[in-house]
Amino acid sequence: MKQNDGRIIWKNQSDLKLILTINEFIEKHGIKSSRQYQKKLAENPNSAPSMWFINKKYGSWENLLISIGKENTDYGKWSRMSEQELLEIVESFIKCEKISSQRMYEKKSVEKDIPSLSTVKKRLGDIRPLFKVKNEKPSFTDFELLLELKNEIIRLDLQDDLSMTKFRKLVQSPKLPSVDTIMKRTNKNWEELMTEIGFDYRRIKIYKQRNNLSKTKKTK
């Protein structure tokens, strides 16, 4: 169905028709990301639903791709990598392109085999430290760094959880570099860091696993 001005009313289309239209548009233009989708849609108005419509109906670009069975997507491709592998790719790209901000990263990564800014944020959390100029001499001693890490965990009320993923997403201390930088500098993994600053990471991990197992059994 179309309005008088020729625009298609996508909300009146059946789910099957929408999926077929979007899938055809993606395949026709070789689209790999939401940014490419928006760019091609601007060049071909009314050929497919807008990103606003997609986000409203499917929740996100990733959810849409799952609905149409697209596995080789930007997020899907990079989500199969470990966080360390992804970090190395991003850091190398930032260094080679001399990128100093998230906005510059977003512009330079368009149509390149590099994870998008939104994908990097979803996987690594706060990525602002990646764009900071690295000084030759660290501003913190290792002791001060670990003390700040412990204080930040307590401030975020994560001492009974110690999830590295949650910490990445919630950390706000301007004094702390990224988690990966801390691990590289101290040559310790996350569990070793938690033990070093006085937390019983293994006990908390076992408790969380048992708690999750108990919840799973109750839902069956």
- Does Glu196 qualify as being open to solvent by less than 70 Å² (accessible area, probe 1.4 Å) and more than 18 Å from Val90 (Cβ to Cβ)? no
- Query: On the given criteria, is Thr181 of a type in the set (S, T, N, Q), in a helix (DSSP H, G or I) and modelled with pLDDT of 90 or more?
  - Reply: no
- Taking the condition surrounded by fewer than 15 Cβ atoms within 10 Å (Cβ to Cβ) and farther than 20 Å from Val179 by Cβ, does Pro49 pass? no
- Selected residue (only one of Lys175, Lys121 is open to solvent by 60 Å² or more (accessible area, probe 1.4 Å), within 27 Å of Lys95 (Cβ to Cβ) and without any contact (Cβ under 8 Å) to a residue 24 or more places away in the chain): Lys121
- Cβ pairs under 6 Å, 6+ apart, first in the stretch 79-98 and hydrophobic (A, V, I, L, M, F, W, C), second assigned to a loop (DSSP other than H, G, I, E, B) and surrounded by 14 or more Cβ atoms within 10 Å (Cβ to Cβ): Phe93/Ile114
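Condition check ((1) within 19 Å of Val179 (Cβ to Cβ); (2) not in a loop (DSSP other than H, G, I, E, B)) across all residues:
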{"position": "Ile22", "(1), (2)": "no, yes"}
{"position": "Ile26", "(1), (2)": "no, yes"}
{"position": "Tyr37", "(1), (2)": "no, yes"}
{"position": "Ala42", "(1), (2)": "no, yes"}
{"position": "Leu64", "(1), (2)": "no, yes"}
{"position": "Trp78", "(1), (2)": "yes, yes"}
{"position": "Glu85", "(1), (2)": "yes, yes"}
{"position": "Glu111", "(1), (2)": "no, no"}
{"position": "Ile114", "(1), (2)": "no, no"}
- Looking at the stretch 124-134, which of its residues are open to solvent by 40 Å² or more (accessible area, probe 1.4 Å) and in contact with a helix residue (DSSP H, G or I) (Cβ under 8 Å, 6 or more places away or on another chain)? Asp126, Arg128
- Message: Please determine whether any residue of the stretch 152-160 is at pLDDT 90 or above, of a type in the set (Asp, Glu) and on the phi > 0 side of the Ramachandran plot.
- Response: yes
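The values are calculated or read from the model by the stated rules, or taken from the named source; none is laboratory data. The shown structure was predicted, so the numbers you read here are calculated from the model rather than taken from an experiment. Here the Cβ is made from the backbone with ideal geometry for all residues, glycine too, and neighbour counts use every protein chain on show. What goes into the accessible areas is simple: the full protein's heavy atoms, side chains included, and nothing from ligands, DNA or RNA. Shrake-Rupley method; radii C 1.70, N 1.55, O 1.52, S 1.80 Å.
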